[in-house]
Amino acid sequence: DAETRELVTIISRSSLHLKNIVNDTHDFSKIEANKILFETIDFSPSEICREVVAIQKYEAKGKGISLTFEQKGDIPLALLGDPLRLKQILINLIGNAIKFTAQGFVTLYLNAKESGENRYRLALSVEDTGIGISGEDLQIIFEEFVQAKRPAGNKQRGTGLGLPIVKKLVELQGGEIAIKSEQGKGTRVMVEIPYQEGNPQNIKITGQEINMIPGLFQRISVLIADDDEYNTLLLRNILKKWGVNFTEAKNGKEAVEASENHIFNVILMDIHMPEMGGLEAA
Ligand code: ADP
């Protein structure tokens, strides 16, 4: 009913907000502790941009603004580097652009400049027609926990850690970031990151196959052994959605008993459980 729906929407929004805070804080402390690692794998820069835009299109649409992607010139089919970190940078910048734009558009531009033999500088820019940032705030916007001053009553969500994280991620990869903005007109954030050219044949396709659950799954039987109610609930929902038959056990002892009466094709078992742990049960 309407009331439950409203409450669920509030819970959902709040948990999303909380998740963002936790993620930002986690990333930030990892960066501070010099514990951040970058992968070196082949990826398609155009594909990453398209994916990020596809993910955020819905959010932009909800606000009545358009989100588009444009690439200029020749873009290498593959680069070597960390595609997930690149995605993280873009999601953050586009997220801000959508958040601070009430009408108009947000555009992601992609360009690649050759910078040596088999080397490129990927130039990305996120442009919006939003509220912009004052000259004074622009000086400090990359500092931790800074949020631009807004007229009273305009409560801002967020941690003020997004841009500092993006800046660190860009710089740790040998890149540069710059921001231009005019109050009331819009903002443009430009990022350049150097990459070695990659091999398109080594690009792993991810994501797409997730929705296709093999029919075989519906003929296997699974045992879930976990004392954590949340994990069990999550697994239960996933397996139900996939049409998989499953049995539940709350500890290793129950798991062993269940396996004595039935042959399971797969056992998903926690290690730390009361009465009998997962290793002993295995
Ligand atoms: P957060 O978005 O979590 O507050 P950020 O570090 O990502 O933190 O951004 C810091 C501040 O910079 C924001 O609070 C906002 O005031 C300003 N800002 C960032 N991006 C934009 C943008 N595209 N348009 C207007 N203001 C922006």
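The values are calculated or read from the model by the stated rules, or taken from the named source; none is laboratory data. All figures in this text were calculated on a predicted structure; none of them were measured in a lab. No Cβ is skipped: glycine too gets one built from the backbone with ideal geometry, and neighbour counts run over all protein chains shown.
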Hits in the range 162-198 - residues which are more than 10 Å from the ligand (Cβ to nearest atom), without any contact (Cβ under 8 Å) to a residue 60 or more places away in the chain, more than 16 Å from Ile94 (Cα to Cα) and not charged (D, E, K, R):
Gly174, Gly175, Gly184
Looking at (1) out of contact with any Gly (no Cβ under 9 Å at 6 or more places or on another chain); (2) among the β-branched types (Val, Ile, Thr); (3) more than 8 Å from the ligand (Cβ to nearest atom), which one does Val126 not meet, given that it meets all the others?
(3)
Based on this model, can you work out whether Ala112 counts as touching a residue at least 60 places away in the same chain (Cβ under 8 Å) and within 25 Å of Thr68 (Cα to Cα)?
yes
Does Arg150 qualify as being assigned to a strand (DSSP E or B), of a type in the set (D, E, K, R) and within 11 Å of the ligand (Cβ to nearest atom)?
no
With criteria (1) surrounded by 13 or more Cβ atoms within 10 Å (Cβ to Cβ); (2) among the hydrophobic types (A, V, I, L, M, F, W, C); (3) within 16 Å of the ligand (Cβ to nearest atom), Ala102 comes up short on (1)
Given the conditions (1) within 16 Å of the ligand (Cβ to nearest atom); (2) acidic (Asp, Glu); (3) modelled with pLDDT under 95, and given that Glu39 satisfies all but one, which numbered condition is not satisfied?
(1)
Of the criteria (1) within 16 Å of the ligand (Cβ to nearest atom); (2) at pLDDT 85 or above; (3) polar (S, T, N, Q), which one Thr159 fails:
(2)
Restricting the first residue to the range 125-150 and requiring it to be under 21 Å from Gly64 (Cα atoms), which pairs with a second residue that is near the ligand (Cβ under 6 Å from one of its atoms) meet a Cβ separation below 6 Å and a spacing of at least six or different chains?
Val126/Ala97; Asp128/Ala97; Asp128/Thr187; Gly130/Phe100; Ile131/Phe100; Gly132/Thr187
The lone condition Ile220 fails out of (1) surrounded by fewer than 17 Cβ atoms within 10 Å (Cβ to Cβ); (2) touching a helix residue (DSSP H, G or I) at 6+ places or on another chain (Cβ under 6 Å); (3) of a type in the set (Val, Ile, Thr) is (2)
